[in-house]
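Asks: Okay, handing you the structure first.
The values are calculated or read from the model by the stated rules, or taken from the named source; none is laboratory data. Keep in mind that what you see is a predicted model, and the values were worked out from it rather than measured. All Cβ positions, even for glycine, are placed from backbone atoms using ideal geometry, and neighbour counts span all protein chains on display. Calculation scope for accessible area: heavy atoms of the full protein, side chains included, ligands and nucleic acids excluded. Shrake-Rupley method; radii C 1.70, N 1.55, O 1.52, S 1.80 Å.
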Amino acid sequence: MGKSISLDNVKKYQQDLDNRKEAKILQRAISHDGVAKTSSNYSSVSKMDPVFSLELDTGEVSNQKHSGRCWIFAALNTMRHNLAKNFNLNGDFELSQIYTTFWDKFEKSNWFLENIIKTADQPLTSRRVAWLLETPQQDGGQWDMLCAVIEKYGVVPQSAMPETFNSNDTTDLNSVLNLKLRKDAIQLRKLVQDGSDAESAKDEMLNDIYRILVYTLGEPTKEFNFEYRDHDKNYHIDKNLTPNKFFDKYVNLNLEDYVSFINSPTDDKPYNKTYTIDMLGNVVGGRQVKHLNIDIDTFEKLAIKQIQNGESVWFGSDVVQNSDRKMGIMDDGLYSKDELFDTDLSLSKAEQLDYKESVMDHAMVLTGVDIVDGQPTKWKVENSWGNKVGTKGYFVMSESWFRRFAYQVVINKKYLSDELKDSQAKEPVVLDPWDPMGTLAFYEK
């Protein structure tokens, strides 16, 4: 048994508090207004003026509402930017997020069931089995998972498959799906352990899951007419399109050209090596999650280079850290909590990852950067929380916040040096399922 707190210890701590002249004032202020408001550093706000030396015209923001589909919204936003520009579409044009959501959840269900079969010989107390059962499927994901779904199923405009109640609020759907998948896991584990046919049983389970998804999200679009008026009011119609044909004709991106870079300065992940995460994915046999870990200077320069060439950047970060949703500001100087409590609260980027203080929980889009005297000072960020936060839905992120809390960017290979291309092509090191770089972007509005 360790050493307990004695009453003498408590008296000493109280005496230290009584000796602080400002203690009563701070106690009243913090208890009345809360930590965030009391520690707010309003000089930070003045530095976050939403003016940028370089910004892309990306139209109106989208709204993921009460769902953790930020990674889908962010990725489809990067695709709609070029589509809107190439076909002179209005700024409110969107690709269907629910269509991608349907197939992602269906594929994630199969992914979970396959992993249950593979681990059926392990006890329930196994960390991997426990990790699987903790969250059989969820709204979150990563860039490569998005690519795996689109490469298989294509995309459609939002008009061809609009949002439903259950996509705007995924709480009940996730609850039902996870209950179903956990129940299926019980049966599959028993079948494998008894030497019975688990795959046939899994097929029946997927039939039930497909029905659940159709009832809640609608039947996925198979063929549609793309009908629209462009920005100049000219009428267009393209008939009998499939989702894959629409992607090839209108989005027209080779997703293999876009690769993931991370900045994780932890000792277990040397730079210029690639990494994947065990049991992380959605489409069985589809694209593998793969990251190249690079230093923060290279990480930042790649993002700037892509924006300078007219392309927005999908990125993952820890959005809850030092941010103000209403004002749309992300700045590591926004709050002075160290000063408020007179204690050191600083952690390095590696420490905040290793000790679970920070994870990549949200995906957004970089659409601009302010470069002063050759150096970036702040970034323009397209969020997916609607237009009533920030500046019509756009956020301002300080350069120091980006370096500290941004963990992933997706960059076109054409912007890479030969050395980076060679490093990215290497076989990845396999990380444990619970590694911080395996966290799914999931943060809700």
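Asks: Add -39500 (n - 2.57) for each DSSP H run of 4 or more in the chain, then divide by its residues: what number comes out at 222 nm, to the nearest 500 deg cm²/dmol?
Replies: On the way: 17 runs with 182 residues, N = 445.
It comes out at -12500 deg cm²/dmol, rounded to the nearest 500.
Asks: What is the chain's relative contact order, in percent, from Cα pairs under 8 angstrom and six or more apart in sequence? List each step's numbers first, then the result.
Replies: On the way: 801 pairs, mean separation 114.3, N = 445.
Dividing the mean separation by the residue count of the chain yields 26 percent.
Asks: GluC sites (Glu not before Pro) within the stretch 22-76: which are DSSP loop residues with at most 14 other Cβ atoms inside 10 Å? Don't skip to the end; give the middle numbers.
Replies: On the way: sites: Glu22, Glu55, Glu60; in loops: Glu22, Glu60.
Answer by residue number: Glu22.
Asks: For the full complex of protein chains and a 1.4 angstrom probe, list His66, His291, His231 by accessible area with the highest value first.
Replies: Values: His66 80, His291 0, His231 110 Å².
Final ranking, largest accessible area leading: His231, His66, His291.
Asks: Can you give the % of DSSP beta bridges in the chain that are antiparallel, to the nearest 5? Walk me through the numbers before you get to the answer.
Replies: Values: 42 of 51 bridges.
Here the share of antiparallel DSSP bridges comes out near 80 percent.
Asks: On to the next question. Could you give the dipole magnitude of the chain about its Cα centre, charging the beta-carbon of Lys and Arg +1 and that of Asp and Glu -1, in debye to the nearest 20?
Replies: Dipole magnitude for the chain comes out near 640 debye.
Asks: Where a ≥ b ≥ c are the square roots of the eigenvalues of the C-alpha gyration tensor, would you call the stretch 156-304 rounded, which needs a/c under 1.5, or, failing that, prolate if a/b is larger than b/c, or oblate? All intermediate terms of the calculation are to be shown ahead of the outcome.
Replies: Values: a/c = 2.20, a/b = 1.05, b/c = 2.10.
Oblate, since a/c reaches 1.5 and b/c is not below a/b.
Asks: Need one number: convex hull volume per residue for the stretch 286-357, Cα atoms only, in Å³. It would help to have the intermediate numbers written out before the result.
Replies: Details: hull volume 12.4 nm³, N = 72.
Value for the stretch 286-357: 172 Å³ per residue.
Asks: Rounded, prolate or oblate: which one fits the stretch 180-222, using the alpha carbon gyration tensor with axes a ≥ b ≥ c (rounded when a/c is under 1.5, else prolate when a/b beats b/c, else oblate)? Numbers along the way, then the final one.
Replies: Working: a/c = 5.48, a/b = 2.47, b/c = 2.22.
The shape class here is prolate.
Asks: If you don't mind, there's one more thing I want to ask. Given Cα pairs under 8 Å that are at least 6 residues apart, what percent is the relative contact order of the stretch 183-265?
Replies: Values: 41 pairs, mean separation 12.4, N = 83.
Over the stretch 183-265, the number comes to 15 percent.
Asks: Rounded, prolate or oblate: pick one for the stretch 234-310, where a ≥ b ≥ c are the square roots of the eigenvalues of its C-alpha gyration tensor, a/c under 1.5 means rounded, and failing that, prolate if a/b is larger than b/c, else oblate. Please report the intermediate quantities before stating the final value.
Replies: Values: a/c = 4.70, a/b = 1.69, b/c = 2.79.
Taking the square roots of the gyration eigenvalues as a ≥ b ≥ c, the stretch 234-310 is oblate.
Asks: Okay, moving on. List the GluC sites (Glu not before Pro) in the stretch 284-375 that DSSP assigns to loop (not H, G, I, E or B) and whose Cβ has at most 15 other Cβ atoms within 10 Å. Which are they? Please report the intermediate quantities before stating the final value.
Replies: On the way: sites: Glu300, Glu311, Glu339, Glu351, Glu357; in loops: Glu311, Glu357.
Here the sparse-neighbourhood loop sites are Glu357.
Asks: Turning to a different aspect of this structure: Heavy atoms only, probe 1.4 Å: what % of the accessible area of the chain goes to carbon and sulfur, would you let me know?
Replies: 49
Asks: Which net charge results for the neighbourhood of Gln321, defined as the other residues with beta-carbon distances under 12 angstrom from its beta-carbon, given Lys and Arg at +1 and Asp and Glu at -1? Could the numbers behind the result be given before it?
Replies: Details: positive: Lys337, Lys349, Arg404; negative: Asp318, Asp324, Asp331, Asp332, Glu357, Asp361.
Within the 12 Å Cβ shell, the charges total -3.
Asks: Same structure again: When the Cα atoms of the stretch 1-50 are enclosed in a convex hull and the volume is divided per residue, what value in Å³ results? The partial results should precede the final answer.
Replies: Numbers: hull volume 7.7 nm³, N = 50.
Here the figure is 155 Å³ per residue.
Asks: So with the 1.4 Å probe, I'd like the accessible area per residue for the stretch 1-117, rounded to whole Å². List each step's numbers first, then the result.
Replies: On the way: 6300 Å² over 117 residues.
Heavy-atom SASA per residue in the stretch 1-117 reads 54 Å².
Asks: Enter the Cα centre distance for the pair the stretch 7-39 and the stretch 389-445, rounded to the nearest angstrom.
Replies: 39
Asks: Please figure out what share of the DSSP beta bridges in the stretch 240-339 is antiparallel and state it in percent, rounded to the nearest 5. Walk me through the numbers on the way to the answer.
Replies: Working: 5 of 8 bridges.
Within the stretch 240-339, antiparallel bridges account for around 60 percent of the total.
Asks: Give me the net charge of Leu188's neighbourhood, meaning all other residues with Cβ under 14 Å from the Cβ of Leu188; Lys, Arg count +1, Asp, Glu -1.
Replies: -2
Asks: Within the chain, which whole H helices from DSSP have a Cα span along their axis of at least 30 Å and a mean Kyte-Doolittle hydropathy of -0.5 or more, if any?
Replies: On the way: long enough: 97-118 (31 Å, -0.56); 171-194 (35 Å, -0.38).
The answer, listed by residue number, is 171-194.
Asks: Another one. Between the stretch 104-128 and the stretch 186-248, what is the separation of their alpha carbon centroids in Å?
Replies: For the stretch 104-128 versus the stretch 186-248, the Cα centre distance is 21 Å.
Asks: Can you tell me the FRET efficiency between Lys222 and Asp33 if r is taken as the Cβ-Cβ distance and R0 is 60 Å, rounded to the nearest 0.05?
Replies: Details: r = 55 Å, r/R0 = 0.91.
Efficiency, from the Cβ-Cβ distance: 0.65.
Asks: With unit charges on the beta carbon (Lys/Arg positive, Asp/Glu negative), name the residue among Pro436, Val283, Pro136 whose Cα is farthest towards the positive pole of the charge dipole of the chain.
Replies: Positive-most Cα among the choices belongs to Pro136.
Asks: Tell me, what is the 1.4 Å probe accessible area of Asp184, in Å² to the nearest 10?
Replies: Rounded to the nearest 10, that gives 10 Å².
Asks: In the structure shown, do any of Lys47/Lys337; Lys118/Lys190; Lys65/Lys152; Lys65/Lys349; Lys65/Lys105; Lys105/Lys180 have a Cα-Cα gap over 24 Å, and if so which? Walk me through the numbers before you get to the answer.
Replies: Details: Lys47/Lys337 19 Å; Lys118/Lys190 12 Å; Lys65/Lys152 26 Å; Lys65/Lys349 30 Å; Lys65/Lys105 18 Å; Lys105/Lys180 13 Å.
Long pairs (Cα-Cα over 24 Å): Lys65/Lys152; Lys65/Lys349.
Asks: If you average 1/r over all unlike Cα pairs in the stretch 329-445 and invert the result, what Kirkwood radius do you get in angstrom?
Replies: On the way: mean 1/r = 0.0590 Å⁻¹.
Radius from the Kirkwood sum: 16.9 Å.
Asks: Could you list log10 I(q)/I(0) for the chain at q = 0.09 Å⁻¹, which the Debye formula gives when each Cα is one point scatterer?
Replies: Evaluating at q = 0.09 Å⁻¹ gives log10 I(q)/I(0) of -0.65.
Asks: For the stretch 368-445, what is the relative contact order in percent, using Cα pairs closer than 8 Å and at least 6 residues apart in sequence?
Replies: Details: 50 pairs, mean separation 14.6, N = 78.
Contact order relative to length: 19 percent.
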